[in-house]
Amino acid sequence: MTLRSSLDYLFALARINIRAGMAPAGGAALSALLMFGNNLIFFLIWSIYFSNFSSLRGWTLADMALLMGMCEWAFGLAVVLAGGVRHMAQTIVDGGLDVHLGRPRHPLPSLLMSRSLPSGLGDLASAPVFWLAFAGRGFADLPLILLVATAAGVVLTASVVIMQCLVFWLPRALGLCEDLFNMFLMTAVYPQHPFSFTMRMILFTLFPTAFVGFLPVEAVRNADPLKALAMIGAALVYGALAAAVFQRGLRRYASGNRILELR
Amino acid sequence: MRSRRFEAGALWAFVLLGWRRAIAERAALAGRLALYLLILVIFRQLWLATPLQELGQSSPTAAEMLWYVAITEWVVFAAGTPYRAVEEQIRSGQIESALLRPLPYAAATLAEWSGATSFYLLAMGAGGLATAAALTGTVPLTAATALPLLLAGALGSAIALLFQLQLGYAAAWLGTSAPLFWIWQKLMFVFGGLLLPLTFYPQALRYLAEFSPFAAILFAPGSLILGPAGASVAAILGRQVAWFVVIALATLLVDRAAAARLAQRGA
């Protein structure tokens, strides 16, 4: 199995997944549009905040726009390309992994790329608007922004995979998985620099939302190559960790006899 | 007369069902509580880092701001997102059998949600009270303010539930309710004053928000903790009741339209 054939497989999966997720086109476009509007409305709150206060411990509205753009890109990328991650725990509990285990490749990519959520397109579309129009960044900043935001998307996806894998050990923890996911997003979209040292340590390790919002913003604000490298490192480490946890969890998986549905 | 009494008894049974289900789903309660407390911790740090003195002499303290968020989030978490159940019933077609019951579907659904929300108002209220008190070292509640606050919270949640039923019904037309829910949720953020009191808003936006139903859901109970600016407690509660009536009538219309659509086209 060469790298070329693996990439071909992933591209084919992505193509089919996105095509299926975007049908019907009208509904998908509406979902994307509403998500775009949703992001703008949320930003309005921060506009009101910064019309009352000069800064939030050094951060201004432009930094907030940068942060929101990072989270939108990371989340959009995750749910458009790997939307299956949102339903992974349910799939595992229902025995739906059989379908993916029956394939000649590793089951994780096909599981993650089994769905595509069209609302994510609204996130992907709004991120550049936030970066260029609201954060005042130029086109020259885009390569660095896209690099760290994409790494943030990998960390986000990997973290959600780890959370959803909980059901391998705790099959009744479906609700907990959803709550953890909501907590993860909730923490990522707020500025984390005023947090205490202990809390920030947690956000850089156990609950790595700092790699989704805070660190990518700091990498761009300070044009710091070390922080950008740290982002790439985090994407690799959490990606590998997610694959390892999933692999470990598979040993506990009980079939749902779904392979029969394929026949 | 007898059928009215029978209906009231059936509705009460649905209220109890919602209450008991909420008690039985301990994991859901734990998850909601954890998320609520996390928000309070985040906002404690944010308000401590905010230069509130820039607002002038009458600026609220960081502790008061946290209590405001604790109240508005309390209402949001107590109501939850029950619209998903209606959306799922429409998508799966299960609503067809529910519509055939002698008790109106909307009434039964709202009764069940009311039971669950009542439980969550108490449970989340206790959790929020303890956490906000621990984080700020203050308790701005007195015997005189506690009852109006509880009433305003319950009325706010009731209006939110009516909205959620309408959102669930949207699936009869759109196939999904989620995109409309996001917009509604964000309108609650802005016009309801979920995170920032409406008194922080520019004049025109503040005026617009104060006369929206979203302010009746969140800002009304939240403003009681900050001290009502120019409005008496009775006026705040009165405005909530007025919005409850308006949204209830709108829900009735949506309910009829959705039932007609489902009868005509199927779920």
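The values are calculated or read from the model by the stated rules, or taken from the named source; none is laboratory data. Keep in mind that what you see is a predicted model, and the values were worked out from it rather than measured. Glycine also receives a Cβ, built like all others from the backbone with ideal geometry; neighbour counts cover every protein chain displayed.
In this structure, does B:W47 turn out to be in contact with a helix residue (DSSP H, G or I) (Cβ under 6 Å, 6 or more places away or on another chain) and within 11 Å of chain A (Cβ to nearest Cβ)? It is true that B:W47 is in contact with a helix residue (DSSP H, G or I) (Cβ under 6 Å, 6 or more places away or on another chain) and within 11 Å of chain A (Cβ to nearest Cβ).
Look at A:S110 and say whether it is of a type in the set (S, T, Y), in contact with a Gly (Cβ under 7 Å, 6 or more places away or on another chain) and more than 13 Å from chain B (Cβ to nearest Cβ). When the stated conditions are applied, A:S110 does not pass them. Across the range B:173-197, the qualifying residues are those that are in contact with a Ser or Thr (Cβ under 8 Å, 6 or more places away or on another chain) and within 19 Å of B:L66 (Cβ to Cβ), and the one among them that is nearest to the other protein chains (Cβ to nearest Cβ) is B:L195.
The criterion of at least 2 residues that are under 28 Å from B:L224 (Cβ atoms) is met by the following helices (runs of 4 or more DSSP H) wholly inside the range B:1-96: B:2-24, B:26-49, B:62-79. Checking B:A259, B:A204 one by one, the residue that is more than 20 Å from the chain's Cα centre (by Cα) and over 30 Å from B:A106 (Cα atoms) is B:A204 and no other.
Can B:A170 be described as modelled with pLDDT of 90 or more, within 13 Å of chain A (Cβ to nearest Cβ) and either in contact with a His (Cβ under 7 Å, 6 or more places away or on another chain) or closer than 18 Å to B:Y83 by Cβ (or both)?
On the way: modelled with pLDDT of 90 or more: yes; within 13 Å of chain A (Cβ to nearest Cβ): yes; either in contact with a His (Cβ under 7 Å, 6 or more places away or on another chain) or closer than 18 Å to B:Y83 by Cβ (or both): yes.
It is true that B:A170 is modelled with pLDDT of 90 or more, within 13 Å of chain A (Cβ to nearest Cβ) and either in contact with a His (Cβ under 7 Å, 6 or more places away or on another chain) or closer than 18 Å to B:Y83 by Cβ (or both).
Residues in the range A:95-107 include at least one that is of a type outside the set (G, A, S), more than 29 Å from B:F200 (Cβ to Cβ), modelled with pLDDT under 95 and touching a His at 6+ places or on another chain (Cβ under 6 Å). Candidates B:A34, B:A22, B:A8, B:A27: the one that is touching a residue at least 60 places away in the same chain (Cβ under 8 Å) and small (G, A, S) is B:A22. Per the conditions (1) at the interface with chain B (Cβ under 10 Å from one of its Cβ atoms); (2) closer than 26 Å to A:E178 by Cα; (3) part of a loop (DSSP other than H, G, I, E, B), the sole criterion not satisfied by A:S54 is (2). Right, B:T142: among the β-branched types (V, I, T), over 21 Å from B:L218 (Cα atoms), more than 14 Å from chain A (Cβ to nearest Cβ) and loosely packed, with under 15 Cβ neighbours inside 10 Å or not? For B:T142, the condition - among the β-branched types (V, I, T), over 21 Å from B:L218 (Cα atoms), more than 14 Å from chain A (Cβ to nearest Cβ) and loosely packed, with under 15 Cβ neighbours inside 10 Å - is not met. Would you please name the residue that is farthest from the other protein chains (Cβ to nearest Cβ), looking only at residues in the range B:16-41 that are β-branched (V, I, T) and surrounded by fewer than 20 Cβ atoms within 10 Å (Cβ to Cβ)? Among them, the one singled out is B:I23. The set of residues in the range B:95-116 that are within 18 Å of B:L253 (Cβ to Cβ), of a type in the set (G, A, S) and buried (at least 20 other Cβ atoms within 10 Å of the Cβ) contains only B:A106. Considering every residue within the range B:63-73, establish whether at least one is within 17 Å of the chain's Cα centre (by Cα) and within 27 Å of B:A258 (Cα to Cα). Checking the range B:63-73: not a single residue is within 17 Å of the chain's Cα centre (by Cα) and within 27 Å of B:A258 (Cα to Cα).
Looking across the range A:148-164, the residues that are in contact with a Cys (Cβ under 9 Å, 6 or more places away or on another chain) and under 14 Å from A:A242 (Cα atoms) come down to A:L156, A:V160, A:M163, A:Q164.
Starting from residues that are charged (D, E, K, R) and modelled with pLDDT under 90, keep the ones in the range A:123-181 and report whichever is farthest from A:W59 (Cα to Cα).
Looking at residues that are charged (D, E, K, R) and modelled with pLDDT under 90, I get A:R172.
For the range A:190-204, the tally of residues that are surrounded by fewer than 19 Cβ atoms within 10 Å (Cβ to Cβ) and either more than 17 Å from B:I39 (Cβ to Cβ) or more than 10 Å from chain B (Cβ to nearest Cβ) (or both) stands at 7. If you go through the range B:186-200 and keep only what is out of contact with any Phe, Trp or Tyr (no Cβ under 7 Å at 6 or more places or on another chain) and crowded, with 21+ Cβ neighbours inside 10 Å, you end up with B:V190, B:L194.
Within the range A:159-173, being over 8 Å from the mean Cα position of the chain (by Cα) and of a type in the set (A, V, I, L, M) holds for A:V161, A:I162, A:M163, A:L166, A:V167, A:L170, A:A173. All told, B:T251 falls short of being touching a residue at least 40 places away in the same chain (Cβ under 8 Å), of a type in the set (S, T, N, Q) and part of a loop (DSSP other than H, G, I, E, B). The residues listed here are A:A20, A:A12, A:A25; of these, the one that is more than 10 Å from every other protein chain (Cβ to nearest Cβ), within 30 Å of A:P104 (Cβ to Cβ), surrounded by fewer than 14 Cβ atoms within 10 Å (Cβ to Cβ) and free of Cβ contacts under 8 Å to residues at least 12 places away in the same chain is A:A12.
Quick test for you: out of B:A123, B:A111, B:A160, B:A106, pick the one residue that is in contact with a Gly (Cβ under 8 Å, 6 or more places away or on another chain) and assigned to a helix (DSSP H, G or I). Break it down stepwise before answering.
Working: B:A123 fails: in contact with a Gly (Cβ under 8 Å, 6 or more places away or on another chain); B:A160 fails: in contact with a Gly (Cβ under 8 Å, 6 or more places away or on another chain); B:A106 fails: in contact with a Gly (Cβ under 8 Å, 6 or more places away or on another chain).
Going through B:A123, B:A111, B:A160, B:A106 in turn, just one is in contact with a Gly (Cβ under 8 Å, 6 or more places away or on another chain) and assigned to a helix (DSSP H, G or I): B:A111.
Here A:T60, A:T91 are screened, and the one residue that is out of contact with any Pro (no Cβ under 8 Å at 6 or more places or on another chain), within 14 Å of chain B (Cβ to nearest Cβ), over 17 Å from A:V154 (Cβ atoms) and β-branched (V, I, T) is A:T60. Residue count for the range A:205-226, restricted to those that are outside any loop (DSSP other than H, G, I, E, B) and buried (at least 19 other Cβ atoms within 10 Å of the Cβ): 10.
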